[in-house]
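Below is one structure, written out as structure tokens, with a few remarks after it.
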Amino acid sequence: MALVLLFSGAALAVDTEAREYTAAREAYRQWYPAVSMEGIMNGMRQLGVRDNINMFSAQADSKSLGFTANQDTPYGAAVLDISKGPFVIEMPAGPFMGLVNTHDQSWVVDMGIPGPDAGKGGKYLIVPDGYKSEIPQGYYVGKSATNKVFVVARIIPQGNDLNKAQALLSGIKIYPLATAKNQKPLTMVDISGRDGDMTSLKWESNIQFWEKLAKIINEEPVNRKKQAAYDQLKALGIEKGKAFKPNASLRSTLERAAQDSQKELLANSYATTGRPDKVKWSDRKWEWLLLNSKPEWAADHDIDTVARDRYFAQAIVMSPAMLRRDATAGSLYWGAFKDSNNKALDGGKSYKLTVPLPVPARLFWSVTLYDSDTRSLISNGSKKSSLRSLVELADLKGAKSVDLFFGPRAPAGKDAHWVKTNPGKTWFAYFRIYGPEKAAFDNTWKPGDFVQIQSESMALNQ
């Protein structure tokens, strides 16, 4: 009898562990955008950008980790806690593109060119869901389901002076509604060129993922629309109002689930299957990163979980304006994860990318390289992770095409059109177009693929 009970107990323990593991794998995907956003917020605090007090401005480079940040447009960003009252965001007139997202990267409101002010400037009021007080006149209102919100704005450079463009971000004013008559705006902090990490990389494959998630659950109000997701977390020891203290068995299961989930998330993100809508050109390796073009998906990512997992494994923040696939889009981008022979892009090999000119961009375009592991700008010992039509490629007037080079060594005389890669590391690229024109959508224009070339033909130039 004792032996039977022993085996029964062991079987029950195995069954419990299996159920916890399955639940953890599902929860990891569900809550990954929230933990990723916590990584952004935490990284900002580590750089001295305090919630409700500071806003940062920056030109991105590889010294600071950030999921697929670009080097085309200077950024400004702030974290607001609206639990004690709404905040006002004053957007000046000009070429600004801004948005507000919740703690789980759901869309709240667009600002600037893609927003209701259409680049003419305006005042935005960010309030919590269920806000009961009277809304003053003269504001565009955004409602958030979370206390913590992320405000981010980019400015489109008018020419190649990125420093001048960055300075214009100081025209954005953010302050509590309660101080509207005696404004105390957030102060700007320039974090350009500083070492930092605005990602969840150090958490996402270990127990810290769950510790950070438990922190988020305790800090934020329960979203009743996602009650089933909260109920699932209870089985994993994560519940609002309670400390997260997993026993040794559950801790081991959660560690394993985080490791396996992170690997699967990245693998599926770079090689999404069963989604023909990722294909832009049937004879090219470039793909749409954003698979779902329905505006409502920006506010409810669970409508399409494959699109959710693919996007947030690589990138951050969401807006309906980002989902457009026509000439009304402010910008668009495609990703390349394989070369012309369908092989991973290898940092130890050399490649050429031929781009037909002119690129159908009213404003400008770029090609940017990212490290496959960090999903951040490739770190290659220089500040150059991109080739940009406003900067490195500004001398192409009259040309019918341009050859761009990527590899550990540059072709002789082609330094300006080359980005260095790192042997032993894989990478991927984004092709961005700002102000896309019709030819970007009707297939009358398309870039080449990354074609491997013999490294022996490359001149050593480091």
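The values are calculated or read from the model by the stated rules, or taken from the named source; none is laboratory data. Note that the structure is predicted; figures quoted are calculated from it, not measured. As a convention, Cβ positions derive from the backbone with ideal geometry for all residues, glycine included, and neighbour counts pool all protein chains shown.
So if I check each of Gly66, Gly76, which one is at pLDDT 95 or above, closer than 26 Å to Ala214 by Cα, assigned by TED's automatic domain parsing to the domain that holds Ser170 and not β-branched (Val, Ile, Thr)? Please lay out each step first, then the result.
Working: Gly76 fails: closer than 26 Å to Ala214 by Cα.
Selected residue: Gly66, the only one of Gly66, Gly76 that is at pLDDT 95 or above, closer than 26 Å to Ala214 by Cα, assigned by TED's automatic domain parsing to the domain that holds Ser170 and not β-branched (Val, Ile, Thr).
Test Thr328 against the stated conditions and say whether it is closer than 28 Å to Asp161 by Cβ and in a loop (DSSP other than H, G, I, E, B). In short, yes. Here Thr73 fulfils each of the conditions (1) in a loop (DSSP other than H, G, I, E, B); (2) surrounded by fewer than 23 Cβ atoms within 10 Å (Cβ to Cβ) apart from (2).
Residue check: Lys285 meets all listed conditions (1) outside the structural domain of Trp365 (by TED's automatic domain parsing); (2) touching a residue at least 12 places away in the same chain (Cβ under 8 Å); (3) more than 21 Å from the chain's Cα centre (by Cα) but one, namely (1). If I go through segment 360-381 residue by residue, how many of them are buried (at least 21 other Cβ atoms within 10 Å of the Cβ) and part of a strand (DSSP E or B)? The qualifying residues number 9.
Could you give me the residue pairs with C-beta distances under 9 Å whose first residue belongs to segment 380-399 and is under 14 Å from Ser366 (Cβ atoms), whose second residue is in a loop (DSSP other than H, G, I, E, B) and at pLDDT below 90 wherever it lies, and which are 6+ apart or on separate chains? Here the result reads Arg388/Asn160; Leu390/Gly159; Leu390/Asn160; Val391/Asn160; Ala394/Asn160, each pair linking segment 380-399 to a residue that is in a loop (DSSP other than H, G, I, E, B) and at pLDDT below 90.
Residues are listed down the side, and each one gets a yes or a no for (1) in a strand (DSSP E or B); (2) in contact with a Cys (Cβ under 8 Å, 6 or more places away or on another chain); (3) surrounded by 20 or more Cβ atoms within 10 Å (Cβ to Cβ):
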position	(1), (2), (3)
Val419	yes, no, yes
Pro423	no, no, no
Trp427	yes, no, yes
Tyr430	yes, no, yes
Ile433	yes, no, yes
Ala439	no, no, no
Asn443	no, no, no
Pro447	no, no, yes
Gln452	yes, no, no
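Among the residues in segment 340-349, are any at pLDDT below 95, assigned to a loop (DSSP other than H, G, I, E, B), of a type outside the set (Gly, Ala, Ser) and at negative phi? Talk me through it step by step, then tell me what you get.
Filtering segment 340-349 for residues at pLDDT below 95 gives none.
Within segment 340-349, not a single residue is at pLDDT below 95, assigned to a loop (DSSP other than H, G, I, E, B), of a type outside the set (Gly, Ala, Ser) and at negative phi.
Apart from one condition, Ser249 fits all of (1) surrounded by fewer than 14 Cβ atoms within 10 Å (Cβ to Cβ); (2) touching an Asp or Glu at 6+ places or on another chain (Cβ under 9 Å); (3) in a loop (DSSP other than H, G, I, E, B); the exception is (3).
Scanning segment 197-238 for residues that are out of contact with any strand residue (DSSP E or B) (no Cβ under 8 Å at 6 or more places or on another chain), among the charged types (D, E, K, R), more than 19 Å from Ala23 (Cα to Cα) and not in a helix (DSSP H, G or I) yields a count of 1. Look at segment 347-367: where a residue is polar (S, T, N, Q) and a partner is in a loop (DSSP other than H, G, I, E, B) and at pLDDT 95 or above, sitting 6+ places away or on another chain with Cβ atoms under 6 Å, you get Thr354/Gly448.
Across segment 302-322, what is the total count of residues that are touching a residue at least 24 places away in the same chain (Cβ under 8 Å) and more than 14 Å from the chain's Cα centre (by Cα)? Going through segment 302-322 one residue at a time, the tally reaches 5.
Considering segment 292-307 alone, what residues qualify as being surrounded by fewer than 20 Cβ atoms within 10 Å (Cβ to Cβ) and not in a helix (DSSP H, G or I)? First the steps, then the outcome.
Looking only at segment 292-307, we keep the residues that are surrounded by fewer than 20 Cβ atoms within 10 Å (Cβ to Cβ), and these are 293-296, 299-300, 302-306.
Selection gives Ser293, Lys294, Ala299, Asp300, Asp304.
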